[in-house]
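What follows is a short report on a single structure.
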Amino acid sequence: MGIDRANIFRLHEETFKEYEKDPFLDCFESTKQFAQALKLDIETKETPHTLLLSADYGMGKTFFSTRFTQFLRNENFDVIYFSVWENDYMKEPFVAFSKAIVNYIYNKFKTKEFQNSISNLFSKIQGVVSAISINIGVNKFCSIDVSAKELIDAFKEPADPVLEFRKQLADFISKLKNKKLILIVDELDRCRPDYAMKTLECIKHFFDIEGLFVILPTNINALNNCTKSLYGFDNCNKQDKENYFKKFFNDERTIKRPTVEDYSHILKQLLNNDALKEALNKKLLVENGENFNSLKTLHSSLAKYSHFAGLTIREFKDIVIETVRLCNNFYEPVRAEWLTCLMTYKNKTKGDYFNYPLPKEHCFYHSSLINSSSNGNGKTDILKLMMHSSIFNKLRVTYDYRCKGYRSEYIDLRTYISFMRKYEEVPKEINSYNNAENFLNNVISEIETIENNTTCEAPPYKLMLSRLSEIKEAIARQRDVITSYQDKYGSDDNDSIREKQYADIVQNPECLYSIKSE
């Protein structure tokens, strides 16, 4: 779980073999579909072509790019994956690009018939590299030393060295199976602003070559910030962006934000029985069912609230890892939905618009902006529902107490009327499960007293007793509602204490251990 799998090319050889066979083994289904669509772009669009693959920070650009690279290689495309950030120590991006391309061509065309052509390409590169002494290491058997004198001599030639370089590289690309070379230039948004812009200029001026398809996965806002930092103008306006960056990109595609199903897909890898073994052994979580501390509730809540909060893939993985740690060390059965809601929103800005988006029936605070509830949480609603006045009013109006002639020594109608008046409205003190249970017990007790003191078989009295039985049945149903609600949310009369404790733990996990020791 601790292995960083963002860049599959940095993984251990044995782990990488899994991705070599199935590059998208840990990806969303939507990611695979996006890769297929992008492959179709490469197959059908004319070159030279430069594609901006736009996404926010942490949304999995490298995650997708490295897997897409391997996917294309498995489909017999010629692909170079290139991290600009790893090479921005070099003064000129052209040197880094040349090294990567020369390496690829050298390994692709090793036969004798291409040796002269490769040497010729090397010489063309010499004509456009910077005027300092550099070394482009192709491998341990081959390197190119370029001096300032050689550079000056190269530019004395009548032929344009840039044009000659393009021509020579295009010639190699034409010999490839698909007559296309895909260059995926990753991590541009992590570079220094000057190097990032210089890289774009380099691609435009030196690598605008027939057969070359360049993909740049980057954060467009980072490029906008580069222009602001270097040139002093704000390029965030869409119209401005198109005007300025149009010369660099032929097209743009966006890596879309994950859906609930996408987050759920990742959770299948990170949130399993092995990871939560300690929590399961201690009964802090249960493996089956849909109650408040079940694995299913934990899984679905994390996916749902991560989507609501718009977490990046990186943020999401960090939250999941921390949630697993908390669950394994918790002090009571975990109220999964409340904990995950707090976890996913803990780093979000809490302005006037902000509230935790719990469903309105939840026993903790929820957003009145998203779900309407006058009481703030569902526990109060449940307690009111149990003794709702409509139950009693409905029973009361069944009788015509103005009817004369119904007299009996076996029942006191005034007792029944007094009972109805007493319980037709919910007492204000019913605000806890304990109070509610006492109230219900009192209702049942009084009903049983009336029933026990009634022996008359006259129809009016039998009808009244049947109505009292209906009240007893309604109370039994509402007790079932309470039990079901408490099973679902783990609600009890300590909810207000728990709400504060969970919030404190999420903001400062060390609080967990002081609570456990109490």
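With θ set to phi - 60° and the Karplus curve 6.51 cos²θ - 1.76 cosθ + 1.60, what are the ³J(HN,Hα) couplings of the stretch 61-78 in order, to the nearest whole Hz, using x for Gly and Pro?
5, 5, 3, 6, 4, 5, 6, 5, 4, 5, 4, 5, 4, 5, 8, 6, 8, 8
Which of the trypsin sites (Lys or Arg not before Pro) across the stretch 18-115 are loop residues per DSSP, with 16 or fewer other Cβ within 10 Å?
For trypsin sites (Lys or Arg not before Pro) across the stretch 18-115 that sit outside H, G, I, E and B with at most 16 neighbouring Cβ atoms in 10 Å, the list reads Lys45, Lys91, Lys110.
Cα-based Rg of the stretch 189-228 per 2.2 N^0.38 Å, rounded to two decimals?
Relative to the 2.2 N^0.38 Å estimate, the stretch 189-228 comes out at 1.23.
What's the FRET efficiency of Tyr331 with Leu163 using the Cβ-Cβ distance as r and R₀ = 60 Å, to the nearest 0.05?
The computed FRET efficiency comes out at 0.25.
Can you tell me how much longer the chain between Ser514 and Asp194 gets when fully stretched, taken as 0.36 nm per residue apart minus their C-alpha distance, in nm with one decimal?
110.2 nm
Which value, in Å² and to the nearest 10, is the accessible area of Glu448 when all protein chains are kept and the probe is 1.4 Å?
Counting only protein heavy atoms, Glu448 exposes about 80 Å² to solvent.
Work out, step by step, the length gained on full extension between Asp492 and Leu230: first 0.36 nm times the residue separation, then minus their alpha carbon distance; give nm to one decimal.
88.4 nm
For labels at Glu20 and Lys346 in the simple 7 Å Cα→Cβ model, what's the distance in nm?
Calculated label separation equals 4.0 nm.
If one computes the Cα centroid of the stretch 162-221 and of the stretch 1-71, what distance in Å separates the two points?
Spelled out, the Cα-based centre of one part sits 18 Å from the other.
With each label point set 7 Å from Cα along the Cα-Cβ vector, what nm distance links Glu261 and Ile444?
It is 4.7 nm.
In whole Hz, with x marking every Gly and Pro, tabulate ³J(HN,Hα) for the stretch 248-264 from phi via Karplus 6.51 cos²θ - 1.76 cosθ + 1.60, θ = phi - 60°.
8, 10, 7, 7, 9, 10, 10, 6, 6, 5, x, 8, 4, 5, 5, 4, 4
Distance cut-off 20 Å, Cα to Cα: go down the list Lys317/Lys346; Lys32/Lys268; Lys32/Lys108 and report the pairs above it.
Over 20 Å Cα-Cα: Lys32/Lys108.
Tell me, what HN-Hα J-couplings in whole Hz come from the Karplus equation 6.51 cos²θ - 1.76 cosθ + 1.60 at θ = phi - 60° for each residue of the stretch 191-198, using x for Gly and Pro?
Once rounded to whole Hz, the list reads 7, 4, x, 5, 6, 4, 5, 5.
Cα-based Rg of the stretch 265-335 per 2.2 N^0.38 Å, rounded to two decimals?
Ratio of Rg to 2.2 N^0.38 Å for the stretch 265-335: 1.04.
Compute the length gained on full extension between Ser30 and Lys282: take 0.36 nm times their separation in residues and subtract their Cα-Cα distance, giving the result in nm to one decimal.
Result for the pair: 87.0 nm of gain on full extension.
Mind pulling up the Rg/Rh value for the stretch 434-518? Radius of gyration and Kirkwood radius, both on Cα.
Answer for the stretch 434-518: 1.31.
Whose amide H sits under 5 Å from the amide H of Leu181, counting only residues 5 or more places off or on another chain, with H placed in the peptide plane?
Amide H neighbours of Leu181, under 5 Å, 5+ apart: Leu212, Phe213.
I need the chymotrypsin sites (Phe, Trp or Tyr not before Pro) found in the stretch 284-366, filtered to DSSP loop residues with at most 12 other beta carbons within 10 Å of theirs.
Tyr353, Phe354
With each label point set 7 Å from Cα along the Cα-Cβ vector, what nm distance links Thr380 and Lys39?
5.7 nm
The values are calculated or read from the model by the stated rules, or taken from the named source; none is laboratory data. Because the structure is a prediction, the values reported are computed rather than measured. Neighbour counts are summed over all protein chains in view; Cβ atoms, including those assigned to glycine, are modelled from backbone coordinates with ideal geometry. We work out accessible area using only protein heavy atoms, side chains counted, and drop any ligands, DNA or RNA first. Shrake-Rupley method; radii C 1.70, N 1.55, O 1.52, S 1.80 Å.
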